[in-house]
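Peer 1: Quick one: the structure is below, and I'll ask about it shortly.
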Amino acid sequence: MGYPHKSHPRETPVLSKHFGDPEARTLEGWKSRGGYKALQQALSMDPVAIQNVVKESGLRGRGGAGFPTGLKWSFMKLGDGKPHYLCCNADESEPGTFKDREIMRWTPHALIEGCAIGAYAIGAETAYIYVRGEFTEPIKRLEDALVEARKAGIIGPNAMGSGKKIDVWVHRGAGAYICGEETALMNSLEGKRGNPRIKPPFPAVSGLFGMPTTINNVETLAAVPHILNNGAEWYKAMCLSSPKSTGSKLFSVCGNVAKPGNYEVVMGFPFKEFLYDLCGGPPPGRKFKAIIPGGSSVPVITIEEAESVKMDYEGFLEVGTMLGSGGVIIFDDAQSMPRQLARLARFYAHESCAQCTQCREGTAWMTKILERIVDGHGTFEDLDTIFELSENMTGKTICVLSDSCGAPVTSGINRFRGEFEALIKGKRSSTVAVGA
């Protein structure tokens, strides 16, 4: 795996400041860059005080849902006499998203420090980092860093000489997209099949091994040491639009774009400037056509909509999509949207755990119909059937995998209906991806 690009002058590198710096991977290198000062500070604080600092910062979960992190931590009942657990969701399998991978590759101690602080703040002595199984290099970096941290007494039975026990462990995932869903992740950690659980009970009441548990994303936890070091007001000040969206955010950019890669910008950054200035615009001779801005499970928007958006939770909602995980997938004017959406639907049909009928049957039928349309054998009734399927797949299952299939497909049909109708009328699409 290669080195990342040099930061653009308009980026705000907080989490990505040391991407590409091999010395930052080592304990000594990380400490010389200010590492573990936040953990030292945290261990001298009351856990509730840490929760309050994170609440005041406005940090929201970076895995997709955007739930306030400090509030989530406060759901854990301290002093209840039960073992508490922190799970770090590093099962980054959402198509188009590869930001957490880079945090683990280049700054593994940043994640370990964030996990240790988070664990202490919720009254946990054990944190598990559940890493996507295919991430062989990030797993190696994390395991090497954990050996260093344990040997130095930073984590363990007497973390940093505080008398407090904090253990952090890496667990390699088994290769299923669904294990990125928090309750499936816990089942997998327990050695069971990675199927989502019905909620309630919520993890803060009955989570891993039936005990109170909090699940946070990699990027979320890696931001916590910076908040403790610099203060909640510093983090809140990083905001260019909605005050409900604070801090910096990593965006993974892929598809038909001149400069793919990871970019870190302040929340509320203008998406148009992001696409054309930082990411270099479309490939030569092409134009942007459509964008999925938050990983493959959020609605598709047109380039005209994208160019009006501020890059935060509220900005993307205004045009009918979501910030999600920050995985920006770009399609240019040479792509066939029916073909691309059929490909996405096939992914979700393959990854369905098949517990819920609406998901098992719905994703499979949606894929069949879309592929029939792409092959030139579709009907106008097929489009109505897709919307009916999506209605029955949304909000009616244990987890949101089936919703994640329906959202990009129906939004894509709504915005690019002409391409679907052209195929139904027997006209081959003029925009078929090269090599598709």
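Peer 1: Taking a virtual spin label 7 Å from the Cα of HIS5 along the C-beta vector, which residues in the stretch 283-321 bring their backbone nitrogen under 14 Å of it?
Peer 2: The answer is 283-284, whose backbone nitrogens lie closer than 14 Å to the label point.
Peer 1: How many percent of DSSP beta bridges within the chain run antiparallel, rounded to 5? List each step's numbers first, then the result.
Peer 2: On the way: 16 of 38 bridges.
Counting only bridges with both partners in the chain, antiparallel ones make up about 40 percent.
Peer 1: Give the long-range amide H neighbours of ASN217: residues separated by 5 or more places, or on another chain, with amide H under 5 Å away, using H modelled in the peptide plane at 1.01 Å from N.
Peer 2: Residues meeting the amide H criterion: ARG62, GLY63, ASN89.
Peer 1: So what does TRP365 come to for accessible area, using a 1.4 Å probe and Å² rounded to 10?
Peer 2: 120 Å²
Peer 1: For the stretch 209-215, in order, what is each residue's ³J(HN,Hα) by Karplus, 6.51 cos²θ - 1.76 cosθ + 1.60 with θ = phi - 60°, in whole Hz (x at glycine and Pro)?
Peer 2: Computed from phi, the couplings for the stretch 209-215 are 6, x, 10, x, 9, 10, 10 Hz.
Peer 1: Still on this structure, I have one more. When all protein chains stay in place, what accessible area (Å², nearest 10, 1.4 Å probe) is found for CYS356?
Peer 2: Counting only protein heavy atoms, the figure is 20 Å².
Peer 1: Using Cα springs under 10 Å in a Gaussian network model of the chain, which residue among GLY261, GLY79, GLY320 shows the largest mean-square fluctuation?
Peer 2: GLY79
Peer 1: Using modelled amide H (1.01 Å from N, peptide plane; none on Pro or chain starts), what sits under 5 Å from the amide H of VAL300, excluding residues fewer than 5 places away?
Peer 2: SER411, GLY412
Peer 1: Now, a different point. Each residue of the stretch 56-72 in order: what ³J(HN,Hα) in whole Hz does its phi give by Karplus 6.51 cos²θ - 1.76 cosθ + 1.60, θ = phi - 60°, with x for Gly and Pro?
Peer 2: 5, 5, x, 4, 10, x, 8, x, x, 6, x, 6, x, 5, x, 5, 4
Peer 1: Could you list which residues have their amide H under 5 Å from that of VAL265, counting only those 5 or more apart in sequence or on another chain, with H placed in the peptide plane?
Peer 2: THR12, LYS249, PHE251
Peer 1: Also: Could you put LEU389, LEU317 in order of accessible surface area, largest first, with the 1.4 Å probe and the full protein assembly present? If you can, show how the numbers build up before the last one.
Peer 2: Numbers: LEU389 40, LEU317 110 Å².
Sorted descending by solvent-accessible area, the residues read LEU317, LEU389.
Peer 1: First select every other residue whose beta carbon is under 9 angstrom from the beta carbon of ALA90; then total the charges, Lys and Arg +1, Asp and Glu -1. Before the final figure, lay out the partial values.
Peer 2: Values: positive: ARG101, ARG132; negative: ASP91, GLU92, ASP100.
That sum, taken over residues with Cβ under 9 Å, equals -1.
Peer 1: Once you put a point 7 Å from the Cα of LYS425 and another 7 Å from the Cα of THR357, both along the Cβ direction, what distance in nm separates them?
Peer 2: For LYS425 paired with THR357, the spin-label model returns 3.9 nm.
Peer 1: Based on the Cβ-Cβ distance from ALA237 to GLN41, what FRET efficiency comes out when R0 is 22 Å, to the nearest 0.05? Kindly include the intermediate steps, with their values, before the conclusion.
Peer 2: Working: r = 20 Å, r/R0 = 0.91.
Using R0 = 22 Å, I get an efficiency of 0.65.
Peer 1: Still on this structure: Does the chain come out rounded, prolate or oblate, given a ≥ b ≥ c as the square roots of the eigenvalues of its C-alpha gyration tensor, rounded meaning a/c under 1.5 and, failing that, prolate meaning a/b above b/c?
Peer 2: On the way: a/c = 2.09, a/b = 1.55, b/c = 1.35.
It is prolate, given that a/c is not under 1.5 and a/b is the larger ratio.
Peer 1: With all protein chains present, calculate the accessible area of MET160 using a 1.4 Å probe and round the result to the nearest 10 Å².
Peer 2: Accessible area, nearest 10 Å²: 50 Å².
Peer 1: Related question: Taking GluC sites (Glu not before Pro) as exposed when DSSP calls them loop (any state but H, G, I, E, B) and at most 15 other Cβ atoms lie within 10 Å, what is the longest stretch of the chain free of them, the sites themselves excluded?
Peer 2: Values: sites that count: GLU134, GLU190.
It works out to 191-436.
Peer 1: Okay, next question. Do any cysteines of the chain lack a neighbour Cys whose Cβ is under 4.7 Å away, and which are they?
Peer 2: Here CYS87, CYS88, CYS115, CYS179, CYS239, CYS254, CYS279, CYS353, CYS399, CYS405 come out as lacking a disulfide-compatible partner, given the Cβ-Cβ threshold of under 4.7 Å.
Peer 1: So, one more: Based on the inverse mean of 1/r over its pairs of different Cα atoms, what is the Kirkwood hydrodynamic radius of the stretch 128-229, in Å?
Peer 2: Details: mean 1/r = 0.0663 Å⁻¹.
Final number for the Kirkwood radius of the stretch 128-229 is 15.1 Å.
Peer 1: Next question. When the Kirkwood hydrodynamic radius is evaluated over all pairs of different C-alpha atoms of the stretch 1-133, what value in angstrom, to one decimal, is obtained? Walk me through the intermediate numbers first.
Peer 2: On the way: mean 1/r = 0.0617 Å⁻¹.
One over the average 1/r among Cα pairs gives 16.2 Å for the stretch 1-133.
Peer 1: Right, next: In a Gaussian network model over the chain where Cα atoms closer than 10 Å are linked, find which of VAL131, VAL253, VAL319 has the largest mean-square fluctuation.
Peer 2: Highest fluctuation among the options: VAL319.
Peer 1: Could I ask something else about it? Given a 1.4 Å probe and heavy atoms of the protein chains only, how would you sort VAL53, VAL328, largest accessible area at the top? Don't skip to the answer; put the middle values down first.
Peer 2: Details: VAL53 35, VAL328 0 Å².
Ranked from most to least accessible, the order is VAL53, VAL328.
Peer 1: Let me ask something else about it. Before I look further, what does the chain give for accessible area per residue, probe 1.4 Å, in whole square angstrom? Intermediate results must be reported in sequence, preceding the final value.
Peer 2: Details: 17350 Å² over 436 residues.
On a per-residue basis, the chain sits at 40 Å².
Peer 1: By accessible area of protein heavy atoms, probe 1.4 Å, what ranking do LEU323, LEU240 get, highest first? Don't skip to the end; give the middle numbers.
Peer 2: Working: LEU323 5, LEU240 100 Å².
So the residues, ranked largest to smallest area, are LEU240, LEU323.
Peer 1: Whenever you get a sec, compute what percent of the accessible area on the stretch 148-215 sits on carbon and sulfur atoms (1.4 Å probe). Provide the component values of the computation, followed by the final result.
Peer 2: Details: 1760 of 3090 Å².
The nonpolar share, carbon plus sulfur, comes to 57 percent.
Peer 1: So what is the 222 nm mean residue ellipticity for the chain from helices alone, if each DSSP H run of at least 4 adds -39500 (n - 2.57) and you divide by all residues, rounding to the nearest 500 deg cm²/dmol? Working shown, then result.
Peer 2: On the way: 17 runs with 175 residues, N = 436.
Calculated mean residue ellipticity at 222 nm is -12000 deg cm²/dmol.
Peer 1: From the phi angles alone, apply the Karplus equation (6.51, -1.76, 1.60; θ = phi - 60°) to the stretch 124-136 and give each ³J(HN,Hα) in whole Hz, x where the residue is Gly or Pro.
Peer 2: Once rounded to whole Hz, the list reads 9, 9, 9, 10, 10, 9, 8, 9, 3, x, 6, 7, 5.
Peer 1: Okay, moving on. Just subtract the alpha-carbon distance of GLU143 and LYS192 from 0.36 nm times their residue separation and send over the number in nm, one decimal.
Peer 2: Details: separation 49, 0.36 × 49 = 17.64 nm, distance 2.34 nm.
Between GLU143 and LYS192, full extension yields an extra 15.3 nm.
Peer 1: Where nothing but the Cβ of Lys and Arg (+1) and of Asp and Glu (-1) is charged, how large is the charge dipole of the chain around its Cα centre, in debye to the nearest 20?
Peer 2: Working: 49 positive and 48 negative charges, 104 e Å.
Taking the Cα centre of the chain as origin, the dipole is about 500 debye.
Peer 1: Which one, ASP80, ASP91, ASP144, has the greatest fluctuation when you compute a Gaussian network model over the chain with C-alpha springs under 10 angstrom?
Peer 2: Of ASP80, ASP91, ASP144, the Gaussian network model singles out ASP80 as fluctuating most.
Peer 1: With a/c under 1.5 counting as rounded, go ahead and sort the stretch 309-423 into rounded, prolate or oblate using the C-alpha gyration tensor (a ≥ b ≥ c being the square roots of the eigenvalues; past the cut-off, prolate if a/b is larger than b/c, else oblate).
Peer 2: On the way: a/c = 1.77, a/b = 1.08, b/c = 1.63.
In terms of gyration-tensor shape, oblate.
Peer 1: Could you tell me whether the stretch 237-370 comes out rounded, prolate or oblate from its Cα gyration tensor? Rule is a ≥ b ≥ c as square roots of the eigenvalues, rounded for a/c under 1.5, then prolate if a/b exceeds b/c, otherwise oblate.
Peer 2: The shape class here is oblate.
Peer 1: Give me the number: length gained by fully extending ARG286 to GLU307, i.e. 0.36 nm times residue separation minus the C-alpha to C-alpha distance, one decimal in nm. Before the final figure, lay out the partial values.
Peer 2: Working: separation 21, 0.36 × 21 = 7.56 nm, distance 1.64 nm.
The span from ARG286 to GLU307 would gain 5.9 nm if fully extended.
Peer 1: If one takes the longest principal axis of the Cα atoms in the chain, at what angle in degrees, from 0 to 90 and to the nearest 10, does the Cα axis of helix 401-415 lie?
Peer 2: 40 degrees
The values are calculated or read from the model by the stated rules, or taken from the named source; none is laboratory data. Source: prediction; values computed, not measured. Every residue, glycine among them, receives a Cβ derived from its backbone with ideal geometry; neighbour counts consider all protein chains shown. Heads up: the accessible areas ignore ligands, DNA and RNA and are worked out on the full protein's heavy atoms, side chains in. Shrake-Rupley method; radii C 1.70, N 1.55, O 1.52, S 1.80 Å.
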